[in-house]
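Undergrad: Quick one: structure below, then a few questions.
The values are calculated or read from the model by the stated rules, or taken from the named source; none is laboratory data. This one's a predicted model, so the numbers in the text were calculated from it and none came from an experiment. Heads up, the Cβs are rebuilt from the backbone with ideal geometry, glycines too, and the neighbour counts pull from every protein chain shown. What goes into the accessible areas is simple: the full protein's heavy atoms, side chains included, and nothing from ligands, DNA or RNA. Shrake-Rupley method; radii C 1.70, N 1.55, O 1.52, S 1.80 Å.
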Amino acid sequence: MKNTWIVSASFFLFTPAACVADTALPVSAKHAMVVTEKRAASQVGIDILKAGGNAIDAAVAVGYALAVVNPCCGNIGGGGFMLVHFANGKNTVINFRGKAPLKANKNMFLDTNGKLKPGSTTSGYLSASIPGTVLGLDTALSKYGSMSRKQVMAPAIKLAQQGYRVSDYDTEWFAIYTPAFRSQRNAAAIFLKKGKPYDSGELLIQTDLANTLKLIAEKGPDAFYKGSIAQQIVKSSQAHGGIMTRQDFAQYSVEELTPIWCQYHGYSVISVPPPSSGGVTLCEMLSLLQNLPLQDNNYQSAKNIHYIVESMRYAFYDRNTQLGDPNFVNNPVKKLLSNQYTSQLSQRILNTTEIKPEDLMVDIHEQTDTTHYSIIDTKGNAVAVTYTINGFFGANVIPDHLGFFLNDDMDDFTVSPGQTNKFNLIQSSKNHIESGKRPLSSMAPTIIMNNKNVFMVLGSPGGPRIITTVLLTLLNVIDNGMNIKQAIDTPRYHYQGIPDVIDVEPLAFSYLTALNLKMMGYRLRSQPTWAAVEAILIDQKDKTIYGANDYRRPDGAALGY
Ligand code: DON
């Protein structure tokens, strides 16, 4: 096997201006904080908190607001996970991941020769799971919120009805998706103005979405799952080769799960369990790293990076071979996180003398189609939510005149044995499509505790890169002493075993570090920036709350008071 160092010519030819944040300082506050990818959504969260709502009320309001002002990623047509730490010490996860339709089956995306039909898992009605967001948000509100549905949905309805100002960042993406919008009359009517993409600063009014949200606000999730919304989605699905039925919607359920928990150098890490791989994979990496001699404050040393990348290798291997929806398969979580198992793997990493990359290269097309937000209220309740429609603008279909995109989460399943999905994951039969099953996710909304006190609230979009992004952010804080803004903005790297190459953001490695890694046998590949951490950190001494928005999402904001 050749030890070639694959580095594109652009690796050292980046423009620093594009890579450096405006400021390395987080926003500080005394009482509460909301951090999202869109300032208008952060404002909605803060307004709810100031009006007396708790973190759960704010999380539900922000969830709906992002569905309006972040149409690529915020959603009511997808699903996700809400992790809650209550001030009384309890923690819970609301699993509102979408489910495969009842008529779905293992071979639904394969042709008669057993080959994947190109594009079939990433666009169109067949690629969509039954969305969980509306029931997830409503369940959180009715169980743990204090405000009415109408109160928390009002800001989103207003933003849809009266419009929001399109940003420079929005226009870049809208321009790329203009051909897709043009191909559907109902999407074009919303996202194009006389057939052309919106200019920065123009008002984007979403009347259809406002009407859908109003119906949900008035009639509750039944409007979505049993009433006219389900009816219209099913009608559109059936008219366009989909398999969704009214029964899929009537039977859709969310569940509360016990979070995944692990320790890292005295901190408790709380994250989400299967059907997301996020928490297990993050905790497996941390457990391996805890046994390895990482040098403090030396995040750029090739030796540290070697240990971290090897931890990613083992944890991703286990992710891809061992995990799936726990309602269908057995997940050996206890074993994967046991001391015995993780110390064995750490020992293997310590004994590694030669890195032998496999010749397996696949291009990654990073898209931003998921979104994470973090909230803490005045009482100390903390909420971390990551939710997704998977591909940018999901399955690229808006049912009828409902005004929202459906997801293409079916691509997260193991669709064709041995073949990669859009995130280059090759997964096992545990993640095969089955009727009513949830596809394995990488979403990792996470809360770090210091004894009984919240220390960090964080998460990110990025498919499998979510997990390594959360890992590096918390290592940057805990091991490297960075403030939360620096920890987020510091350039990242990612490794998932296949393809056998370390993806590297501009400026992540110095020339010497890259050279040392090459000499160890690693291959590196330069990539444009990815993921977007929206996080909170609480100073354990003076209790100042710090919030930080990722510079990679210039429209985001940490707002506190
Ligand atoms: O659940 C998952 O793992 C994926 N559907 C997440 C997709 C994602 O984060 C895309 N964002 N860049």
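Undergrad: Packing-wise, with mean Cβ within 10 Å as the measure, how do 510-522, 217-229, 49-61 rank, highest first?
TA: 49-61, 217-229, 510-522
Undergrad: Answer with one residue from Thr513, Trp530, Thr388: the one whose Cα lies farthest towards the positive end of the charge dipole of the chain, charges on Cβ with Lys, Arg +1 and Asp, Glu -1.
TA: Going by the charge dipole, the pick is Thr388.
Undergrad: Still on this structure: Farthest toward the dipole's positive end in the chain, which of Gly79, Met147, Ala250, given Cβ charges of +1 (Lys, Arg) and -1 (Asp, Glu) about the Cα centre?
TA: So the residue we want is Ala250.
Undergrad: To the nearest 20 Debye, how big is the dipole of region 224-331 about its Cα centre, given +1 on the beta carbon of each Lys and Arg and -1 on that of each Asp and Glu?
TA: 340
Undergrad: To the nearest Å, what is the center-to-center distance of region 474-494 and region 44-84, using C-alpha atoms only?
TA: Here the answer is 26 Å between Cα centres.
Undergrad: With every protein chain present, what is the per residue accessible area of region 509-561 (1.4 Å probe, Å²)?
TA: Normalised by residue count, the accessible surface of region 509-561 is 36 Å².
Undergrad: Apply the Karplus parameterisation 6.51 cos²θ - 1.76 cosθ + 1.60, with θ equal to phi minus 60°, to every residue of region 345-351 and state each ³J(HN,Hα) to the nearest whole Hz, in sequence, with x for glycine and proline.
TA: My calculation for region 345-351 gives 5, 4, 4, 4, 5, 5, 7 Hz in order.
Undergrad: Under a 5 Å amide H to amide H cut-off, with H placed in plane at 1.01 Å, what residues pair with Leu192 once short-range neighbours are removed?
TA: none
Undergrad: Pairs of Cα atoms under 8 Å, at least six residues apart: use those to get the relative contact order of the chain, whole percent. Can you show the working numbers first?
TA: On the way: 1348 pairs, mean separation 145.2, N = 561.
Value for the chain: 26 percent.
Undergrad: Trypsin sites (Lys or Arg not before Pro), restricted to region 149-215: which are DSSP loop and have at most 14 other Cβ atoms within 10 Å?
TA: Lys194
Undergrad: Something else about it: Determine the share of the chain's accessible area contributed by carbon and sulfur atoms, expressed in whole percent, with a 1.4 angstrom probe.
TA: Ligands and nucleic acids excluded, carbon and sulfur give 51 percent.
Undergrad: Would you mind checking which residues have amide H under 5 Å from Ser276's amide H? H placed 1.01 Å from N; only 5 or more apart, or other chain.
TA: Ser441
Undergrad: Between Lys103 and Ala239, what is the label-point separation in nm under the 7 Å Cα-to-beta-carbon projection?
TA: 1.6
Undergrad: FRET efficiency for Lys30 and Gln263, Cβ-Cβ distance as r, R0 = 30 Å, nearest 0.05?
TA: E(calc), rounded to 0.05, equals 0.55.
Undergrad: Only four residue types carry charge here, +1 at the Cβ of Lys and Arg and -1 at the Cβ of Asp and Glu. Report the dipole size of the chain about the Cα centre in Debye, rounded to the nearest 20.
TA: In debye, rounded to 20, the chain gives about 720.
Undergrad: Still on this model: How high is the relative contact order of region 285-351, in percent, counting Cα pairs under 8 Å that sit 6 or more residues apart?
TA: On the way: 46 pairs, mean separation 28.3, N = 67.
This gives 42 percent for region 285-351.
Undergrad: Using a 7 Å offset from the Cα along the Cα-to-Cβ direction at both Ala87 and Thr352, what is the distance between the two label points in nm, to one decimal?
TA: My value for the distance between the label points is 4.5 nm.
Undergrad: Here's something else I'd like to know. What three numbers, in Å, describe the spread of the alpha carbons of the chain along their principal axes, ordered from the longest?
TA: In descending order, the Cα extents are 63, 62, 45 Å.
Undergrad: How large is the helix-only mean residue ellipticity at 222 nm for the chain, computed as the sum of -39500 (n - 2.57) over DSSP H runs with n ≥ 4, divided by its residue count, in deg cm²/dmol to the nearest 500?
TA: -10500 deg cm²/dmol
Undergrad: May I ask you to evaluate 6.51 cos²θ - 1.76 cosθ + 1.60, the Karplus curve with θ = phi - 60°, for each residue of region 133-150 and list the ³J(HN,Hα) values in order in whole Hz, giving x for glycine and proline?
TA: In residue order, the calculated couplings are 4, 5, 5, x, 5, 5, 5, 4, 5, 5, 7, 10, x, 10, 10, 7, 4, 4 Hz.
Undergrad: Shifting gears a bit: Find the accessible area per residue for region 131-224; the probe is 1.4 Å, ligands and nucleic acids are left out, and the unit is Å².
TA: I get 47 Å² per residue for region 131-224.
Undergrad: Taking H as built 1.01 Å from N, whose amide H comes closer than 5 Å to the amide H of Leu524, not counting residues under 5 places away?
TA: Correct list: Ile6, Ile502.
Undergrad: Once you've got the Cα coordinates, tell me which of Lys356/Lys422; Lys90/Lys541; Lys106/Lys422; Lys50/Lys196; Lys334/Lys379 are over 29 Å apart.
TA: Result: Lys50/Lys196; Lys334/Lys379 exceed 29 Å.
Undergrad: Can you give me the relative contact order of region 161-260 as a percent, contacts being Cα pairs under 8 Å and 6 or more apart?
TA: Across region 161-260, relative contact order equals 23 percent.
Undergrad: Across region 92-107, in residue order, what do the Karplus-derived ³J(HN,Hα) couplings come to in whole Hz, using 6.51 cos²θ - 1.76 cosθ + 1.60 with θ = phi - 60° and x for Gly and Pro?
TA: 8, 10, 9, 9, 10, 4, x, 10, 4, x, 4, 7, 6, 8, 3, 9
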